[in-house]
Structure formats: C-alpha cells, structure tokens
Amino acid sequence: MRDGMRMFIVAAFLLSLAVITAAQNKPLTFEVASVRAHKGLDGSSFGGCYRAGAIAVVPKGRCLFRNASVRNIIAEAYDIAIFRIDELISGGPNWIRDDKYDVEAKAENDSATESELKVMTQALLAERFKLALREITKDSAGYALVVARNGLKLKPSDGSVRPSIGGNLGHISGTNRH
C-alpha cells in the first residue's frame, strides 16, 4: 500500500511539473484576433497596441489597426520607427505595402504588457500573413566625427549655459553659447 501511495504521489508531482513546463513554454498568442481587408475609402490610418501611461487610445490587452499596411503592422510589432521602415524592412511582395487591413486582437488577459502584446503581434503576422524574417547585414552611409589635422577647435564650457543637442532626420545641432 505504501509503495502504491508513493508511486501515486511521484506520478502526480511529475504530471504537475509537466503541465507547468508546458504552460511556461507556450508561445504568446492573442486569445482572439480579426484580420480583414480595409473596405473604407478614407485615407487615414491608425495602429498600435496598448501602452501603459499613454493616452488610452487602445484598451488594455488589445492591439488595433485601421487601414494599416502589413509593413506598418510589422513596424509596430518590431518597434521600428515609422521614418525608418524603408531602411529596415526590405523585400516582400508589393501587397505588404499597398494593401490595407483592419486588425483587432485581444490578449487572454487585460494585464498583458506592451512587450507581450508586441510578441503576440509578431505571432499574428507569422500565422495570418505567413511572415518569415531573415536578418541581414547592410552597409549604409554615415559620418564619423574626427579631430581635424590642426587639432581640436572646441572650447571647454564655462558652465554658465546648459548645453543642448537636438535634430531631425538628417540634421544634428548643438549649442553651448551664452
């Protein structure tokens, strides 16, 4: 009787361990998701996932896209700034840029984090659009800030003005003046 009870306890322990391990290895996916071709004629688009601390445009645990291209959904899922899409996303058929979709996706739990929602969006792209990624290395133009032949021409700050740096796409500016 004792040996039978021990075997039962060991079997129950191993079964619970297997269930816990399977739950931990389960890929993050949305509980429910709707992907439809956009039927509207309007040119405006919107897309994103819930972000803690942001103005509540998207409800907790959800991702919503309206009139969005697959490229824009990829940008959201992989945290690519809109102005860098052409630089960082290449290849694929024309429809990933041209065709527009409405996507509504809901996580199983409203407490899903922003990063979990992005992983779920990646899984949705793979499942519904058969997205397959390949990482490549590309050379790109850039600038190197080097010391001139005649030495530095910058003067140390006297500390009376707070330095600032700013810029837009293609421009950097800095000040340290009175």
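Overview of values
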item: Phi-based couplings in Hz for region 67-81 (Karplus 6.51, -1.76, 1.60; Gly and Pro marked x); result: 6, 10, 6, 4, 4, 5, 5, 4, 4, 5, 5, 10, 6, 9, 5
item: At 1.567 mPa s and 4 °C, Stokes D of region 57-130 from Kirkwood alpha-carbon radius, µm² per second; result: 101 µm²/s
item: Derived scalar couplings ³J(HN,Hα) [region 41-50; Karplus, 6.51 cos²θ - 1.76 cosθ + 1.60; whole Hz; x for Gly, Pro]; result: 9, 5, x, 6, 9, 8, x, x, 10, 4
item: Leu41, Leu28 arranged by Cβ crowding within 10 Å, fewest neighbours leading; result: Leu41, Leu28
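Every number in this text was worked out from the coordinates using simple rules, so none of it is lab data. The model shown is predicted, which means the values in this text are computed figures rather than measured ones. Please note: Cβ atoms are built from the backbone with ideal geometry, for glycine as well, and neighbour counts cover all protein chains shown.
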